[in-house]
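Structure first, then comments.
Values quoted throughout were computed directly from the atomic coordinates according to the rules given, and no laboratory measurement underlies them. Values in this document were obtained by computation on a predicted structure and should not be read as measured data. Here the Cβ positions follow ideal geometry from the backbone for every residue, glycine too, while neighbour counts run over all protein chains shown.
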Amino acid sequence: MSELHHIVIVGGGAGGLELATQLGNTLGKSRKARISLVDQKLTHIWKPLLHEIAAGTMNPSAEETNYYAHAARHYYEFVLGQLEDVHPDRKEIILSRTQSSKYESTTAPIALSYDTLILAVGSVSNDFNTPGVQQYCHFLDSMAQAEIFQQDLLHLYLDAQNKNIERDLKIAIIGAGATGVELAAELVESKQNFYQYGLNKINPQHVQISLIEGAERILPALSEKIADHATEQLRQMDIDVLTARRVEKIDAEKIYFNDGHSITAELKVWAAGIKAPPVISNLKGFEKDRMGRLIVYATLQTRSDPNIFAFGDCAHCVLDAREAALAPRAQVASQQAAFLVDAMKARIRGKQQPMFQFSDRGSLVSLSKNKAVGELLGQVNVQGFIAKSMYVSLYRIHQAAIYGYTQAGILTVKDFVTRKIAPKIKLH
């Protein structure tokens with residue numbers, strides 16, 4: 001009996017984990033293929049939750065999925081490692097492991113062979129080489145970065161409380177796409193929660209949150225009507241929305257604009273623009289766009305090698321020459337993951353590869369605990385509690401994709417109960 005076709009997926013984000021789960025439950029369970037998922041972390045968390053983790057309004061440990069435990073239940077293998085290089089000629093990838101324990105004896109590179117390689121390593125923030133960003137700004141590309149911001153925010157409150165000194169706090173978020181807008185709104189809730197739980201030396205009225213956007217309006221991916229409504233809602237929350245402000249440089253105390261003006265900010269978050277992770281940008285022999293993303297056909301195969309696929313934020317995919325490449329959105333990655341399940345089944349059977357088609361189901365942006373704004377099917381505008389309910393359902397759909405509907409329902413009940421009895425903000 002010949003060895004099973006080995007499908008290696010690199011990247012355990014939303015798309016990568018959904019793909020590994022579905023391939024494991026079908027091809028892996030029936031022993032028609034061997035499925036491996038590679039990630040540098042031991043746990044998965046849904047990236048759209050990072051703004052809540054950063055603001056401290058969500059405890060990440062309650063939302064994490066352990067890859068090893070999940071793999072054991074869904075008929076795939078998990079490999080802990082960081083992608084370093086791809087060797088198409090040998091059909092293998094090179095992985096490194098970061099030493100995390102004093103008892104680890106080796107960090108030597110690992111070679112993992114494949115028959116089909118699928119890259120789903122996501123994206124990272126693009127600072128556009130703006131001076132001072134790397135030194136003085138927080139980022140929200142990973143749970144680790146979100147937790148660092150949460151800890152820095154918490155310790156500012158603890159320090160003021162311990163010194164018994166009333167003080168102001170100025171926070172600036174550069175980039176008013178979905179991430180920046182959602183973080184700004186979540187921080188409004190955070191400052192109220194800190195005060196409610198006794199950390200009252202920083203009065204909520206003395207916390208200034210600034211949202212900075214280089215374009216003429218916030219949320220450029222949504223319609224002008226929705227953007228205007230979101231701007232109005234944010235300003236009602238006392239968030240200072242600054243548009244048409246291009247950041248020239250940043251230092252420890254201030255953000256400087258190209259028009260000569262500046263603002264003071266103690267905590268600064270960079271959420272303006274994305275690019276491919278360095279591991280993708282540094283790969284040799286692959287066609288890439290100006291953001292470093294791998295250029296793929298509508299089959300999601302890279303132009304350089306038909307045995308290597310890429311999807312999600314790290315892929316540049318144009319489905320119609322008259323249109324732009326698909327935007328780096330969660331729903332794109334999720335639909336591509338579902339598509340690749342069928343594509344891999346066709347590949348195993350030796351059939352022609354299908355072509356991906358994208359159906360835009362709209363966009364939703366959270367504005368607070370009970371509010372959101374968005375568009376459905378590019379036409380229907382939704383706001384308020386209804387939009388928020390739809391926003392929350394996106395996470396439940398992701399949970400259903402990786403756990404199944406029964407367990408996702410149980411988790412929904414668990415979250416409802418937990419949030420009723422747990423503190424409203426993480427204070428540790």
task = Relative to the compact-globule scaling 2.2 N^0.38 Å, provide the ratio for the alpha-carbon radius of gyration of region 234-291.
result = 1.62
request  = Would you list the P(r) distribution for region 1-149, with all Cα-Cα distances sorted into 10 Å bins from 0 and each bin expressed as a whole %?
outcome  = 10, 33, 35, 18, 4, 0
inquiry  = Let's see if you can work this out: charge +1 on each Lys and Arg Cβ, -1 on each Asp and Glu Cβ, no other charges. What is the dipole magnitude of region 129-272 about its Cα centre, in debye to the nearest 20?
reply    = 200
query = Which log10 I(q)/I(0) values, to two decimals, does region 314-428 give at q = 0.12, 0.14, 0.18, 0.22 Å⁻¹ under the Debye formula with one point per Cα?
reply = -0.63, -0.81, -1.11, -1.30
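Looking at region 219-335, what % of the alpha carbon pairs are farther apart than 18 Å? Write down the numbers at each step before the final one.
Working: 4467 of 6786 pairs.
Taking all Cα-Cα pairs of region 219-335, the fraction more than 18 Å apart is 66 percent.
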key: Set of lysines near residue 41 by C-alpha distance (under 23 Å), chain-local residues within fewer than 8 positions excluded   = 102, 275, 426
message = Give me log10 I(q)/I(0) at q = 0.13 Å⁻¹ for the chain, Debye formula, one equal scatterer per alpha-carbon, no solvent.
response = -1.23
key: Order of 194, 286 - criterion: other Cβ atoms within 10 Å of each residue's Cβ, fewest first   = 286, 194
message = Run lengths n ≥ 4 of DSSP H only: what is the helix-derived mean residue ellipticity at 222 nm for the chain, with -39500 (n - 2.57) per run over all residues, to the nearest 500?
response = -10500 deg cm²/dmol
query = If each residue's Cβ is checked for other Cβ atoms within 10 Å, how do 320, 85 rank with the fewest at the top?
reply = 320, 85
request  = Give, to the nearest whole percent, the P(r) tail of region 129-272 beyond 24 angstrom, counting all Cα pairs.
outcome  = 31
remark   = Of the residues 162, 135, 227, the Cα lying farthest along the dipole of region 129-272 towards its positive end, which is defined by charges on the beta carbon of Lys, Arg, Asp and Glu, belongs to 162
note = Any aspartates and glutamates whose Cα falls less than 18 Å from that of residue 369, other than same-chain ones fewer than 8 residues away, would be 52, 63, 182, 186, 189, 232, 238, 415
task = Using the number of other C-beta atoms within 10 angstrom as an exposure proxy, rank 314, 137 with the fewest first.
result = 137, 314
